[in-house]
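The values are calculated or read from the model by the stated rules, or taken from the named source; none is laboratory data. Since the model is a prediction, treat every value here as computed from it, not as a measurement. FYI the Cβ positions are ideal-geometry reconstructions off the backbone, even for glycines, and counts take in every protein chain you see.
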Amino acid sequence: MTKKRTFVLLVILTVFTTLACSLTGSTQKGNAPAAPSPSTGSTETQPPHPDLPTFPASTLEAVTPSQATPEAENKSPTVPAVSDRYPLQHLCSPASCGLTTTPGKVWAGSAVGVLDVYDAKTGDPLQSISLFPGSGGAAAQPVLDLFFDGKYVWVLASSKLEEIADTLFVIDPASGEIVHQIDISQWRGDMNQKMGYSPGKLWTADHIIDAQTFEITKVTMPWEGHYAYDGKGWMWITGSFCVMCNTVAWIYNTDDPTQEHSGGNISGNASSNPLVLSGNLIWVVISQSDSTTALYAYSPDGSKMTGDTQPVTKAPSPDDQPRALLDARDSIWMLAGHNTWGNLYQFDNQTGAILNQMELVSADDHKTYTVNMAYDGKDLWVTLAKELLRIPLE
């Protein structure tokens, strides 16, 4: 956890130092670069992009759909590939930029307090929503996480560089209007803060918010938590209450969050690692005590998860600090973030076997980085520093 926190802080400070000093720098125009060739698979651990370049925060120009760069045609219908690359309207933070979809739209957070909305069919920019006074300039105001609950878009953001969220916004996806705003500056946040959702409830940083009334309930949760609802009334949260906790997840009854317990004692930990419900299993990224990383799968019923519960199956993970993990088209998708950064992996959601690997960023490309991904029921969307990638899955 200390290594990850230190690395993220160094990258953030590098990016925003260059932003503040180089606002007159030029922005590349024209076609986006062609997709890199498939990876041969290097597992050497190294921090990505040690010499990040200057990215002017708010001078990225919109392009028409005809300027969006199509990738080479997919040679096999069973192997996914990037079909289009669209320029982002604002720079995306290397630490985290929220990404979500609503019907017909893709919502992308930025490093400068602006939420940009794109047409999911054409990639056209539709709207830019400034969250804070002065958003869109050189000031660091990272939009850390986004979630669409079927009615509202929830936005977790920070008004300053520290990367700890201080404001929670609720936005009407039809108009882009901010319908509610919550000051969370006094909540116990952290650099890896995320949001989770169970029916009618938004979870983050020791608090649960009623998605209809916005009533807030305080509940002690692990710090640096990632969330997964198991569909059976239990919220699973990775993270930690202690430095060396060897617990897979803390599990909360969503109807009565005072009923909670830990589950899955292991030789390692899942602190600050993502997890996802896929294939009727809860899949968790586990950092093992032998310095390897694995995907552990558990039966998705939090009421039966105890300290003695063993995984149904487990498989090696190609990356030790994934940026994101999601379920799409009966598969698990992992966006690598550390020792195989720049790669996207598809896994069998019953065995954990790797089905496909895509290199989205070349290992020697120090001008960009992978950030986040989302799925709209048809296409997988991935954000890089200045690009939004479409990967059709149909």
Practice item. Would you kindly identify the strands (runs of 3 or more DSSP E) lying entirely within region 311-394 that contain at least 3 residues that are under 27 Å from residue 225 (Cβ atoms)? Key: 313-316, 324-328, 331-335, 343-348, 370-375, 379-384
Study note, to complete from the structure: Note on region 341-371: residues farther than 23 Å from residue 78 by Cα and either polar (S, T, N, Q) or without any contact (Cβ under 8 Å) to a residue 40 or more places away in the chain (or both) are 364, 368, 370
Review point. Is it the case that region 339-349 has a residue that's touching a His at 6+ places or on another chain (Cβ under 6 Å), over 24 Å from residue 237 (Cα atoms) and not polar (S, T, N, Q)?
Key: no
Review point. Within the bounds of region 144-164, is there any residue that is outside any loop (DSSP other than H, G, I, E, B) and either at pLDDT below 90 or polar (S, T, N, Q) (or both)?
Key: no
Review point. Out of all the residues in region 202-215, which are more than 16 Å from residue 153 (Cβ to Cβ) and in contact with an Asp or Glu (Cβ under 8 Å, 6 or more places away or on another chain)?
Key: 205
Exercise for review: Test residue 308 against the stated conditions and say whether it is assigned to a loop (DSSP other than H, G, I, E, B) and surrounded by 19 or more Cβ atoms within 10 Å (Cβ to Cβ).
Suggested key: no
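Every residue in region 201-218 that is surrounded by 14 or more Cβ atoms within 10 Å (Cβ to Cβ) and either charged (D, E, K, R) or assigned to a loop (DSSP other than H, G, I, E, B) (or both), please.
Going residue by residue through region 201-218, those that are surrounded by 14 or more Cβ atoms within 10 Å (Cβ to Cβ) are 201-209, 211, 214, 216.
The answer is 201, 205, 206, 211, 214.
For residues that are among the β-branched types (Val, Ile, Thr) and more than 22 Å from the chain's Cα centre (by Cα), scanning just region 255-291, find the one that is modelled with the lowest pLDDT.
The first filter runs over region 255-291 and keeps only residues among the β-branched types (Val, Ile, Thr), leaving 258, 266, 276, 282, 284-286.
Subset that is more than 22 Å from the chain's Cα centre (by Cα): 258, 266.
Details: 258: 94, 266: 84.
Here the answer is 266.
Which residues, taken from region 130-142, are part of a strand (DSSP E or B) and touching a Phe, Trp or Tyr at 6+ places or on another chain (Cβ under 9 Å)?
To start, the set of residues in region 130-142 that are part of a strand (DSSP E or B) comprises 130, 141.
141, the sole residue that qualifies.
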